[in-house]
Amino acid sequence: MEILGRQLKMKIEKESYECLLCQNRRVSNIISFPRTPLANKFISIADQSSNSQSFYPLDLGLCDFCGHIQLTHIVPPHVLFEDYPYVSNSNTGTETRFSLLADEFDSFFSNLEGKFAIEIGSNDGFLLKLLQGKGWRVLGIDPAEPAAEIANKAGIPNICDFFSESIASQILSAHGNPHLIIANNVLAHTDQMNDIFRGISHLMSKDSILVMEFSYALDIFEKLLVDTIYHEHMSYHQITSLSIFLERFDLHIERAVRFTAHGGSARLYIRKGKSTKQGHSVKLLIDMEKKIGLSTAKSWELFASRIEDLRNSLQGLIANLKKDNKTIAGYGIPAKFSTLFHVLELNENDFAYFVDDNPMKVGMYAPGTNKPIYPIEKLEVDRIDYVFLFSWNYESEISSKIWNRDLCDVIRCFTRCLHLVVNRHGRFYTSL
């Protein structure tokens, strides 16, 4: 069924795909988005070769056996993560959250000598560095060479590779059981969940804790976080299907926390052994998932229609501003940019340019466009009327920075269908 005659479609197909969790071939496409470029594949504007960027299918599937939500077209991991430009400590919000997490993790083992933590997807080692400062022995595992190099220079030992059962055996042999395994916003980025969790289970003792974070499917659905859906995120985890999956490895969710990072996330505390009791927080979220029908195609059909409403209202807002000869710059080119820009069919000609505070992105083209990315200082020179916040989840931090410098006003786009232009005094004067 085609939604409003546009590119976004609900699909009922005979072809089925293998579930990344239960491994049954019971996954069918439920939404086909327009093809999009890879979220973190940047081409340098200094590159003399042609600025031709590849666009890949972006199809969302649902397993009718275990209810897992995933992409059905998987881009090879070495293509996705070869030159990964994200760094953990690129904003103060993440720094604060990681600092609080390090304190919490340390409190779990406050009276223990020789505390040892590993982090899967350790990136630049920022969180491990905080634990190291508290006396922990640490080890990172990350396949992205630029991030691994930053970690090495910071004194964080790491293995530059994808975590696997084989890597786990090497770690166990060389270092013993870790007390803490961290997997923050990484276990949605893999099509090897079974291999990874065989390794995790192999590493864990009855005293170990696995803490994993991910963009939560319930938040994606409720808040219409369509820009969380991109090629790196192969899975859109919910507690119901994850708890069934983890039992296969003798792992059990002890506690679940829902929090606001990345628009809406969940953090799970997982232990090994049948004695682990499922806490009230876990049962509460499972009940919420079932009530909303998170594992049903009908609910995601509603999700697709809401995306259409979002696209129409956002395009109307920008058209009205351009009709009044207002200038717009894009602020922030996070991973969510690729989906937000291309699925909602924004026009690059409506933007004067883009800015970002990550030096690894400056001097590149924004994914799928011929528009360059400049440092945010360019806003100090040019008199732009509005900035469109692609990094909308850091709206408070960015807006205050812009208004304190008296630069321009802000188009704040929350993808939950709330579009507001906000002036520097915090008053809303346009709402669609």
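Listed by chain and number, the lysines whose C-alpha is less than 30 Å from the C-alpha of Lys274, apart from same-chain residues fewer than 8 away, are Lys115, Lys206, Lys283, Lys290, Lys291. Once the Cα-Cα distance is subtracted from the 0.36 nm per residue extended length, the His175 to Arg306 segment shows a gain of 42.2 nm.
Take the Cα of Asp385, go 7 Å toward its beta carbon, and the backbone nitrogen atoms of the range 314-339 under 16 Å from that spot belong to 315-330. Compared with the rule-of-thumb size 2.2 N^0.38 Å for a compact globular protein, the range 293-368 has a Cα radius of gyration ratio of 1.35. In the full protein context, the range 271-365 carries 45 Å² of accessible surface per residue, based on a 1.4 Å probe and ignoring ligands, DNA and RNA. Starting from the Cα of Asp103, step 7 Å toward the Cβ, then list every residue of the range 124-154 with an amide N under 20 Å from that point. Answer for this model: 126-136. Distances between placed amide hydrogens fall under 5 Å for Gly61 paired with Ile30, Gln70, Leu71, Thr72, all partners being 5 or more residues away or on another chain. For the pair Glu345 and Glu145 in one chain, pulling the backbone fully straight at 0.36 nm per residue adds 68.7 nm over the alpha carbon distance.
The values are calculated or read from the model by the stated rules, or taken from the named source; none is laboratory data. Since this is a predicted model, take the numbers as computed values, not measurements. FYI the Cβ positions are ideal-geometry reconstructions off the backbone, even for glycines, and counts take in every protein chain you see. Please note that ligands, DNA and RNA were not included when accessible areas were found on the heavy atoms of the full protein model with its side chains. Shrake-Rupley method; radii C 1.70, N 1.55, O 1.52, S 1.80 Å.
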